[in-house]
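The structure under discussion appears below in the form of structure tokens.
The values are calculated or read from the model by the stated rules, or taken from the named source; none is laboratory data. Since this is a predicted model, take the numbers as computed values, not measurements. Cβ placement follows ideal geometry from the backbone for every residue including glycine, while neighbour counts extend to all protein chains displayed. All accessible areas refer to the heavy atoms of the entire protein, side chains included, with ligands and DNA or RNA removed. Shrake-Rupley method; radii C 1.70, N 1.55, O 1.52, S 1.80 Å.
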Amino acid sequence: RMTPTDTVTSTALRVEIATSIEIDRPAAEVWAALVDRDSYPQWNTFIRSWQGELAIGERQTVRIEPTDSSGQTFRPRIVELEPGRLLVWLGRVGVPGVLDGRHRFEIVPIDANRSRLDHSEVLSGMLVPAFRRMLTADTPAAFARMNTELAARVGV
């Protein structure tokens, strides 16, 4: 049983995307699948590749494809990491304030055999208006798709 939820909040220079899904698997199993980045090409249609050491301050190389026709590779830096529970990266286009994205994955145990993935991002900066349509429609849909794919990956 999966219960997905998502919300998008949009203001002049900021978009907040919040998605979550409850998964009938222990938090440790969901985390293990989330950080098994070598397997992403087999199941993840949003984050097509993700490389880099999982440690605070480490730069990652991430290829996202929110839609069939759009994709980009960027190099965010991990800013928060609590293994088994939380991973946050900060990505930027250009200098701070142009387009900053704070992407968050959090695994919340509900009970011994059930957990919730909270998958969210706050995007802010001068380029938000130019990309608003993508950020408020395509990107949240891609988050929700990845959440469902992750749940399937761990065997819901």
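Here are some notes:
- Among the residues of region 105-123, at least one is touching a strand residue (DSSP E or B) at 6+ places or on another chain (Cβ under 8 Å) and free of Cβ contacts under 8 Å to residues at least 24 places away in the same chain.
- Check on Arg132, farther than 17 Å from Gly91 by Cβ and either crowded, with 18+ Cβ neighbours inside 10 Å or among the aliphatic types (A, V, I, L, M) (or both): no
- If only residues of region 94-113 that are aliphatic (A, V, I, L, M) and open to solvent by 60 Å² or more (accessible area, probe 1.4 Å) are counted, the one that is farthest from the chain's Cα centre (by Cα) is Ala112.
- Subset of region 30-50 (residues that are in contact (Cβ under 8 Å) with a residue 60 or more places away in the chain, over 16 Å from Leu87 (Cβ atoms) and surrounded by 14 or more Cβ atoms within 10 Å (Cβ to Cβ)): Thr45
- Qualifying positions in region 72-94 - touching a helix residue (DSSP H, G or I) at 6+ places or on another chain (Cβ under 8 Å) and either at negative phi or modelled with pLDDT under 95 (or both): Pro83, Arg85, Leu87
- Enumeration of residues in region 138-154 that are out of contact with any helix residue (DSSP H, G or I) (no Cβ under 7 Å at 6 or more places or on another chain) and either without any contact (Cβ under 8 Å) to a residue 12 or more places away in the chain or basic (Lys, Arg) (or both): Arg145
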